[in-house]
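The block underneath contains the structure these notes are about, expressed in structure tokens.
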């Protein structure tokens, strides 16, 4: 099920979308069967790009923030999903400890914490925020503009448990992607549920592993839909341990950009697509100061090389070798108030609970929008009494244009589930 | 979790409601633990009456209709709950057969069927409507005013399965309370899930059994809240096999009315309640042509006796003996557009998915509203960005006045779960 949200799409429904809409019962059943075998990530957000001819996730976060961009109308869906999630993990739970990322925090991030607290509180848990930031020495309360307040308390680590003063949680919810490494204070917590697990953090996660898993599930969904999986799957390749300090550092990137661009060009030709293909170079885990770079041709590649040179020259300390992913770029055809926009899908347990548009007026259709200057526009619920229904004669009901985003978002979430199974250090191996 | 709907309550929050609001995490946890041991009814609707000093369910339907009175905003919650329900019962399901009550159908009931079809369709099932009405000889399509249509098909009974032409469902959803008895066509269906089970129909169900089970769970919730369970539990007694054709038929009713009224009077005195106590006499199963009768005193009792006499005199055939329940009347203090109103709570699986007000301009605060002339007013979602949250300083957020209705509604649903366990003909008995 995907809530019927009003998207910015107003054009005709193309073949891919029609195929997805028509296959709704089969798609839902397929997900249902998948969730019998695989555990959905506790929560996730997925950036989706819709080029019209193709639709893909481009980023899957397993410690999503920005929950505050979900509208009050979406909160009941999130709460209901949170209840389902909690019930499976720790039904006897009274207390939930949310561990935010380390400070300093933007007001938007604090709003995100308030929203998470609200969701789990309404799901029937006492929620408190426990910081693992060594800089937070004592309980700190911040008053927010809307009259609410956020209290961050320093966590107290026991031998096998993590908690707060007079607060012993059954479950610990991480809202911290562990980019800086797994702190010792989170290790060897044997008596509580730590969610998402530590291996969902960037020290273990690799975007290339995620998209490899995504490729597999996209193939299977493509087969079910009877479409070329490329229509929902961005091609990619990777370079491990790129040492940008060395002159040879760019070699792998240059060659992989070429490989991926060639594959994309071939696909564009096959489908008669007139747009200019492009790839996106990004860190294979976490973020990298190089940022997310769009490469369309040799000129862009040269600009990237020059950019790397400047970066290296201006640093005091050498850049550590880092893995990079070269991913097929998917342009976005959506516009909100004339600005380039991409939908972001929020999931909790196995449910799509809402979403919003990330909008960036200063960026092009082939550039990353998750950058300073981005804005967020909530998606509204479609309140027509005539909800979409396959089988109803055309025109009788409004199609749920958000549905296909919910499908691709959940497909990325399913890929994350496979990915986490594969990287689980405690996985039981059956021969 | 209970969605934050706007109720007609505008007065101050009394002690009982405050207790319920403050205990939210404990209440939710209690329900969570109950659902680990007990299976929620597939779906239910519960009529609730709020007298201010006390709050009670007065009727629990296990084959609820009137789903069409839920607003489009509530549908996503119902769909998400339906997904959870289906996933537990028959995750591999492709098809769902909905069996409506036998015709002729009002337009409102057909709208109800459309809403149910919509909910389960969006949950990812192919839904068709299979009639067990012997009068329906062939597939019949009715066009509705909103442009949608309803197609009823005669069911086809196999040796062990029920279906339609080219439609073999995994699950059969009854929207038919079997008042007229369990038809043979629904018996001995061994290979499909029949939901709710046949023993949830009126041939087996007794309201007095339901309220006995409710009394038990209300005691336990009362203990958890630290309140007298009477504040959420209507007192009752019953008369079995009342033969109204006999002059002695009224004896049991007269004496039980007296017993219950005396108990209620004592409670009113204990709490210093100045209102006039009353009881409600109603059929212990299904409906009875006597209707639902309010009795406040000897005069009302005499009117009831006279009414019975007229009823008996005007009939050609004798009245069959029938069980009756004498239940403490709970007046309703809610008004919508100056008319007396009572909230009706809808649940699916273990979730409250919505509700509406049943309103009757021609009825008093101590009369049944579920009668010809009743109207339905949807409850709107509270869209304030500040959702209710215990612990937030008073005034900082709007309390969810719908919450306590959701609690009492779910308490009745939990009672139904106990009731169905006790009457399950296939229950395994552990010594």
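Filter region A:1-51 for residues that are within 18 Å of the chain's Cα centre (by Cα) and away from every other protein chain (no Cβ under 14 Å) and give the result. Show your work before the answer.
We begin by selecting, within region A:1-51, every residue within 18 Å of the chain's Cα centre (by Cα); these are A:2, A:39-50.
Passing the criteria: A:41, A:42, A:43, A:44, A:45, A:46, A:47, A:48, A:49, A:50.
Read through the list (1) over 28 Å from residue B:86 (Cβ atoms); (2) assigned to a strand (DSSP E or B), then give the number of the only condition that residue B:220 fails.
(2)
Could you tell me which numbered condition residue A:103 fails, if it satisfies all but one of (1) away from chain B (no Cβ under 12 Å); (2) modelled with pLDDT of 95 or more; (3) within 24 Å of the chain's Cα centre (by Cα)?
(2)
Could you identify the single residue in B:81, B:44 that is in a helix (DSSP H, G or I), crowded, with 23+ Cβ neighbours inside 10 Å and in contact with a helix residue (DSSP H, G or I) (Cβ under 9 Å, 6 or more places away or on another chain)?
On the way: B:44 fails: in a helix (DSSP H, G or I).
Sole residue among the options that is in a helix (DSSP H, G or I), crowded, with 23+ Cβ neighbours inside 10 Å and in contact with a helix residue (DSSP H, G or I) (Cβ under 9 Å, 6 or more places away or on another chain): B:81.
Is it the case, given these coordinates, that residue B:124 is touching a residue at least 12 places away in the same chain (Cβ under 8 Å), assigned by TED's automatic domain parsing to the domain that holds residue B:80 and touching a helix residue (DSSP H, G or I) at 6+ places or on another chain (Cβ under 9 Å)?
Judged against the criteria, residue B:124 is a match.
Hey, among A:121, A:126, which residue is more than 24 Å from residue A:47 (Cβ to Cβ), surrounded by fewer than 22 Cβ atoms within 10 Å (Cβ to Cβ) and at the interface with another protein chain (Cβ under 8 Å from one of its Cβ atoms)?
On the way: A:121 fails: surrounded by fewer than 22 Cβ atoms within 10 Å (Cβ to Cβ).
Checking each option against the conditions leaves just A:126.
Report, by residue number, each residue of region A:126-149 that is farther than 16 Å from residue A:176 by Cα and within 25 Å of the chain's Cα centre (by Cα).
A:127, the sole residue that qualifies.
Determine if region A:322-336 includes at least one residue that is over 21 Å from the mean Cα position of the chain (by Cα) and modelled with pLDDT under 90.
no
Of all residues in region A:84-98 being more than 9 Å from every other protein chain (Cβ to nearest Cβ) and touching a helix residue (DSSP H, G or I) at 6+ places or on another chain (Cβ under 8 Å), which is surrounded by the fewest Cβ atoms within 10 Å (Cβ to Cβ)? If you could, list the steps in order and put the result at the bottom.
Looking only at region A:84-98, we keep the residues that are more than 9 Å from every other protein chain (Cβ to nearest Cβ), and these are A:85, A:88-90, A:96-98.
Narrowing further to those that are touching a helix residue (DSSP H, G or I) at 6+ places or on another chain (Cβ under 8 Å): A:96, A:98.
On the way: A:96: 27, A:98: 22.
Selected residue: A:98.
I'd like to verify a number: residues in region A:136-158 that are more than 19 Å from residue A:96 (Cα to Cα) and part of a loop (DSSP other than H, G, I, E, B), how many? Steps first, answer last, please.
Applying the first criterion (more than 19 Å from residue A:96 (Cα to Cα)) to region A:136-158 yields A:136-138, A:142-148.
With part of a loop (DSSP other than H, G, I, E, B) added as a condition, the list becomes A:136-138, A:144-148.
Residues that pass the stated criteria total 8.
Take residue B:276 and tell me if it is surrounded by 16 or more Cβ atoms within 10 Å (Cβ to Cβ) and touching a residue at least 12 places away in the same chain (Cβ under 8 Å). Spell out the reasoning first.
Values: surrounded by 16 or more Cβ atoms within 10 Å (Cβ to Cβ): no; touching a residue at least 12 places away in the same chain (Cβ under 8 Å): yes.
Taking the combined requirement at face value, the residue does not satisfy it.
Would you check if there is a residue in region B:216-228 being in contact with a strand residue (DSSP E or B) (Cβ under 7 Å, 6 or more places away or on another chain) and either farther than 30 Å from residue B:421 by Cβ or outside the structural domain of residue B:53 (by TED's automatic domain parsing) (or both)?
No, region B:216-228 contains no residue that is in contact with a strand residue (DSSP E or B) (Cβ under 7 Å, 6 or more places away or on another chain) and either farther than 30 Å from residue B:421 by Cβ or outside the structural domain of residue B:53 (by TED's automatic domain parsing) (or both).
Residues that are touching a strand residue (DSSP E or B) at 6+ places or on another chain (Cβ under 7 Å), within 19 Å of residue B:343 (Cβ to Cβ) and assigned by TED's automatic domain parsing to the domain that holds residue B:195: does region B:11-26 have at least one? Please lay out each step first, then the result.
Our first condition is that a residue be touching a strand residue (DSSP E or B) at 6+ places or on another chain (Cβ under 7 Å); within region B:11-26, this holds for B:16, B:25.
Filter once more, so that each one left must be within 19 Å of residue B:343 (Cβ to Cβ): B:16.
Okay, now just the ones that are also assigned by TED's automatic domain parsing to the domain that holds residue B:195, so B:16.
Yes, because at least one residue in region B:11-26 is touching a strand residue (DSSP E or B) at 6+ places or on another chain (Cβ under 7 Å), within 19 Å of residue B:343 (Cβ to Cβ) and assigned by TED's automatic domain parsing to the domain that holds residue B:195.
Does residue A:172 qualify as being more than 24 Å from residue B:20 (Cα to Cα) and more than 21 Å from the chain's Cα centre (by Cα)?
Details: more than 24 Å from residue B:20 (Cα to Cα): yes; more than 21 Å from the chain's Cα centre (by Cα): no.
So residue A:172 fails the test.
Considering only region B:18-41, state which residues are under 17 Å from residue B:56 (Cα atoms) and buried (at least 20 other Cβ atoms within 10 Å of the Cβ).
So in region B:18-41, the residues under 17 Å from residue B:56 (Cα atoms) come out as B:18-21, B:27.
Within region B:18-41, B:20, B:27 meet the criteria.
For residue B:131, indicate whether it is at pLDDT below 95 and either facing chain A (nearest Cβ under 9 Å) or surrounded by 18 or more Cβ atoms within 10 Å (Cβ to Cβ) (or both).
Numbers: at pLDDT below 95: no; either facing chain A (nearest Cβ under 9 Å) or surrounded by 18 or more Cβ atoms within 10 Å (Cβ to Cβ) (or both): yes.
Here the answer is no, as residue B:131 does not meet what is asked.
Checking residue A:174 against (1) at pLDDT 95 or above; (2) not in a strand (DSSP E or B), only one condition comes out false. Which one?
Of everything listed in (1) at pLDDT 95 or above; (2) not in a strand (DSSP E or B), residue A:174 misses just condition (2).
Tell me, please, whether a residue that is surrounded by 15 or more Cβ atoms within 10 Å (Cβ to Cβ), over 22 Å from residue A:248 (Cβ atoms) and out of contact with any helix residue (DSSP H, G or I) (no Cβ under 6 Å at 6 or more places or on another chain) can be found in region A:311-328.
The answer is yes, given that some residue of region A:311-328 is surrounded by 15 or more Cβ atoms within 10 Å (Cβ to Cβ), over 22 Å from residue A:248 (Cβ atoms) and out of contact with any helix residue (DSSP H, G or I) (no Cβ under 6 Å at 6 or more places or on another chain).
Please enumerate the residues belonging to region A:192-214 that are more than 30 Å from residue A:92 (Cβ to Cβ) and assigned to a loop (DSSP other than H, G, I, E, B). Outline the logic, then answer.
Let us first name the residues in region A:192-214 that are more than 30 Å from residue A:92 (Cβ to Cβ), namely A:202-203, A:205-214.
Residues satisfying the conditions are A:202, A:203, A:205, A:206.
The values are calculated or read from the model by the stated rules, or taken from the named source; none is laboratory data. Every value quoted in this text rests on a predicted model; they were computed, and no experiment measured them. When we count neighbours, we look across all protein chains shown, and the Cβ atoms used for this are built from the backbone with ideal geometry, even at glycine.
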